[in-house]
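To start, the structure itself, in structure tokens.
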Amino acid sequence: MVENYAILPCNGLDKCAGVISGELAIKLSENGDNKIICPVFYRVSETKYNKLAAERPLFVIDGCQTRCASKLAAEKNLKVARRIIVADEAKNHHIELNDGLRITDQEQAFVGTLFEKLNKADEKPTLSSEDAGISCDFEYETFQSGKFIFRIPKNAEVFFNENDCWAWVNGNRARIGVTDYVQQNLSDILYFYPPEIGDDIDQFGELGSIESSKAVFELVSPFRGKVVAINEKLVTNPELINENPYEKGWVAELELTDQEGDKELLIGFERYFEITQKKVEETNVR
Amino acid sequence: MSETTFMGVERNLIDWKPTIDYTKCDYCMECVKFCPHRVFEVRENEEIKLIIKNPDNCVVFCRACSKTCGPDALSFPDKNATTQRIKEIRKEMEGHG
């Protein structure tokens with residue numbers, strides 16, 4: 001059950017997804033102890049909602065990728081405990097939202113689907129870093145550029161893709177995350193969007209995403225496989241990725257489907273180290 | 001600037017770039033502000049104000065600009081098809097030793 005949140009929808013009237021965010025917020029407030037923060041009122045007058053935002057974890061519902069509600073939360077220095085983007089959810093459910101603003105039967109049913117999904121997610125037991133399968137003992141090679149230090153694991157078990165994601169392989173399972181290059185580029189990571197347990201991910205498919213005030217980074221999975229664990233701690237503490245993206249900041253574990261085939265398109269420590277050095281020189285991490 | 005090869009394949013042989021749906025794009029230019037690789041170019045005084053100027057600068061498999069796009073006007077090729085194509089090119093390269 002989704003309970004005890006302060007809910008901040010975008011409630012936009014620019015497109016249908018904004019209207020759906022408002023509808024979903026109302027449904028959550030009618031069916032659980034959740035309180036709505038009106039984004040319009042909050043922008044002009046903080047007093048009414050500051051207390052609410054301080055007392056309860058914040059659940060942001062963005063309509064589209066413009067992410068107005070998330071930006072409002074950032075402006076008000078609020079820590080976001082949970083977030084969904086209606087347009088993304090619609091895509092995941094293969095629903096084409098209508099062009100107008102009025103909610104039709106299809107959108108109304110979609111609000112119900114989202115509500116059910118959110119409640120189900122809260123009931124589902126999830127795996128945390130403590131009970132996930134792989135233990136990794138990283139050894140790093142480092143280099144420095146300006147004030148930034150880049151650690152790159154040199155263990156033989158670790159494989160990289162050229163999209164700056166690593167995988168520690170153990171038997172038929174791999175733990176996956178982003179490299180220091182990603183977290184240094186993004187700087188303070190504010191959101192973590194996990195993949196779902198049980199999802200089948202293609203090699204180079206999307207394995208969740210992370211977001212800072214600078215950019216959104218889609219994790220490009222080095223391997224094909226089924227998601228068997230996610231690092232739940234990142235949902236509430238995405239900054240763990242900044243602290244160490246290999247250890248406490250790992251993202252997910254996969255059960256691998258074609259390990260040897262996938263490895264053909266991956267690289268080891270030496271090549272990734274070279275590529276990262278070159279990228280850092282060219283892009284001037286700032 | 002981007003790497004000139006990706007997975008050992010010449011970048012210009014890999015078809016990976018955003019496509020702009022001009023029926024949806026509202027020229028908010030969030031993608032331009034975001035992309036550090038100068039894939040896009042703004043053309044203020046022309047009817048079409050945004051174009052894909054440097055497709056080969058686009059990082060293969062990166063779709064981050066589309067995640068900044070409110071009107072959902074940016075799309076990318078299918079990742080699986082791209083992966084298959086990269087594998088084929090690598091095989092062809094091996095064949096040519």
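Specify the residue that is farthest from A:SER209 (Cα to Cα); the eligible residues are those in the stretch B:60-80 that are free of Cβ contacts under 8 Å to residues at least 12 places away in the same chain and within 9 Å of chain A (Cβ to nearest Cβ).
B:ASN80
Between A:ASP62, A:ASP14, which is under 22 Å from A:GLU218 (Cα atoms), within 13 Å of chain B (Cβ to nearest Cβ) and surrounded by 14 or more Cβ atoms within 10 Å (Cβ to Cβ)?
A:ASP62
Quick test for you: out of A:GLU89, A:GLU107, A:GLU96, pick the one residue that is more than 14 Å from chain B (Cβ to nearest Cβ) and either assigned to a helix (DSSP H, G or I) or out of contact with any strand residue (DSSP E or B) (no Cβ under 8 Å at 6 or more places or on another chain) (or both).
Numbers: A:GLU89 fails: more than 14 Å from chain B (Cβ to nearest Cβ); A:GLU96 fails: more than 14 Å from chain B (Cβ to nearest Cβ).
Result: A:GLU107 is the single residue among A:GLU89, A:GLU107, A:GLU96 that is more than 14 Å from chain B (Cβ to nearest Cβ) and either assigned to a helix (DSSP H, G or I) or out of contact with any strand residue (DSSP E or B) (no Cβ under 8 Å at 6 or more places or on another chain) (or both).
Which residues, taken from the stretch A:1-43, are touching a helix residue (DSSP H, G or I) at 6+ places or on another chain (Cβ under 6 Å), in contact (Cβ under 8 Å) with a residue 60 or more places away in the chain and assigned to a helix (DSSP H, G or I)?
A:ALA17, A:ILE20, A:SER21, A:GLU23, A:LEU24, A:LYS27
Could you please find all residues in the stretch A:60-86 being in a helix (DSSP H, G or I), farther than 23 Å from A:LYS233 by Cβ and under 15 Å from the mean Cα position of the chain (by Cα)?
Answer for the stretch A:60-86, where residues must be in a helix (DSSP H, G or I), farther than 23 Å from A:LYS233 by Cβ and under 15 Å from the mean Cα position of the chain (by Cα): just A:VAL86.
Which condition does B:ASN45 not pass, out of (1) loosely packed, with under 13 Cβ neighbours inside 10 Å; (2) away from chain A (no Cβ under 11 Å); (3) closer than 25 Å to A:TYR272 by Cα; (4) not hydroxyl-bearing (Ser, Thr, Tyr), if it passes all the others?
B:ASN45 satisfies every listed condition except (3).
Taking the stretch B:4-36 as the search range and keeping residues that are part of a strand (DSSP E or B) and surrounded by fewer than 17 Cβ atoms within 10 Å (Cβ to Cβ), which one is farthest from the other protein chains (Cβ to nearest Cβ)?
Here the answer is B:THR19.
Does A:LEU234 satisfy the criteria of being buried (at least 16 other Cβ atoms within 10 Å of the Cβ), under 17 Å from A:GLU196 (Cβ atoms) and at pLDDT below 95? Before the answer, list the steps.
Details: buried (at least 16 other Cβ atoms within 10 Å of the Cβ): yes; under 17 Å from A:GLU196 (Cβ atoms): yes; at pLDDT below 95: yes.
When the stated conditions are applied, A:LEU234 passes them.
Out of the residues in the stretch A:146-205 that are surrounded by 16 or more Cβ atoms within 10 Å (Cβ to Cβ) and at positive phi, state the one that is nearest to the other protein chains (Cβ to nearest Cβ).
So the residue we want is A:PHE204.
Among the residues of the stretch A:212-235, which ones are within 27 Å of B:MET7 (Cα to Cα), part of a strand (DSSP E or B), touching a residue at least 24 places away in the same chain (Cβ under 8 Å) and within 12 Å of another protein chain (Cβ to nearest Cβ)?
A:PHE217, A:LEU219, A:VAL220
The values are calculated or read from the model by the stated rules, or taken from the named source; none is laboratory data. Model, not experiment: these values are computed from the prediction. Note that each Cβ is placed from the backbone with ideal geometry, even for glycine, and that neighbours are counted across all protein chains shown.
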